[in-house]
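Following: one structure in structure tokens, then a few remarks.
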Amino acid sequence: MNKYLKGCLTLIAIGVVLSALLIGWFFWSSSNRRKQAEIDGIAFSKECDSIKSITEQPEIEFVKFKKNEISVIKFQILRDGKFIQDTIIKNGFKKKNASTEYSTIAIPYKTFLKTDTIVVTTQNKLHYYISGYGHYAYLHYGMTGYLGSHDCRFNDNPTINNDVFYSAVLIRERGWINPEISKHIKRINASDSIEYYGFAKKCKIKIEDANRILKEKRKNQVFRSTSIDGIEVGPKNSYYLFGEETESGTLPNDLVPRNLKHYVVKINCKTGEYKRYKNYPFDN
């Protein structure tokens, strides 16, 4: 064999071996980094979970409120079953946009315990119990994967009136009038299809029955649209929840609706009893 050809083949073979070794090392290193990330994730999560105080002063957003309903807000810390540090905020909101329906305000405590519950009371006597703030481990990654470091980041996914939210949002119709009663009521959102349909199967009034009752009660209504909100599960009774919007008329060009009204419909899961509320839960 020509010595030059033999030399080229030798170089190619060496190159192939080195490439294979390099690829093998890369996959071995990546695998080790992934395994180390899993191990560190558990250890660092425990470290971040051990942080006892919240110092981030998280913001909360108020949705669908009128200006006079939130011009005065009362904050309290519920700690070990006792209310402490009552704080009154007057007109302390930052406008999110031109609408008066959306406003944000920071929780007025520079520090509070992770185990505390922040209680917010609006001027129209709606109560919101906010808990579940904490910290989580954020692992650092680069071009080659896990870098072996981390930092503890604030977890802004609180539980508000028994529901978990992706951010702190206080919705007008989700406020509690009587917390001692409402805290025993669970809401199953329709978006959680497994739990929603699983619970509905056990009800005497099935989903199709509730939809039929809803349609029957909608006779002779003008421009009505409905939404399926979920199921309210209480210690005594449970109800299918539907949202409704009605309009008494339109502008001459029939393009822009006017006189929009919001309602909530509750249908008893056992008896089929129908109740319709305007501005629920205020007239409940």
Partner aspartates and glutamates whose C-alpha sits under 15 Å from that of residue 236, ignoring same-chain residues fewer than 8 away, are 180, 273
Under 5 Å from the placed amide H of residue 109, counting only residues 5+ away or on other chains, we find none
Which of 35/114; 82/125; 64/202; 52/125; 67/186 exceed 26 Å between C-alpha atoms? The answer is 35/114; 64/202; 52/125; 67/186
Once both label points are put 7 Å beyond Cα along the C-beta direction, the residue 59-residue 204 separation in nm becomes 4.9
In nm, the gap between the two label points placed 7 Å beyond Cα toward Cβ at residue 262 and residue 225 is 1.4
Note on segment 107-174: contact order normalised by length, alpha-carbon pairs under 8 Å, 6 or more apart, percent, works out to 23
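Is segment 30-87 best put as rounded, prolate or oblate by its Cα gyration tensor, with a ≥ b ≥ c the root eigenvalues, rounded for a/c under 1.5, and otherwise prolate when a/b is larger than b/c, oblate when not? Mind dumping the intermediate values first?
Working: a/c = 5.20, a/b = 2.21, b/c = 2.35.
Cα axes put segment 30-87 in the oblate bin.
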Full extension between residue 80 and residue 195 adds, at 0.36 nm per residue less the Cα distance, a length in nm of 38.2 nm
Expected vector for segment 169-180, Karplus 3J(HN,Hα) from phi with 6.51, -1.76, 1.60 and θ = phi - 60°, integer Hz, x for Gly and Pro, equals 10, 9, 8, 3, 6, 9, x, 9, 7, 10, x, 5
So the carbon and sulfur contribution to the accessible area of segment 138-227, 1.4 Å probe, in percent, is 53
Quick shape summary for segment 135-243, equivalent ellipsoid via Cα gyration tensor, semi-axes whole Å in descending order, reads 39, 18, 15
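The values are calculated or read from the model by the stated rules, or taken from the named source; none is laboratory data. This one's a predicted model, so the numbers in the text were calculated from it and none came from an experiment. When we count neighbours, we look across all protein chains shown, and the Cβ atoms used for this are built from the backbone with ideal geometry, even at glycine. Accessible surface is based on the protein model in full, side chains and every heavy atom, while ligands, DNA and RNA are left aside. Shrake-Rupley method; radii C 1.70, N 1.55, O 1.52, S 1.80 Å.
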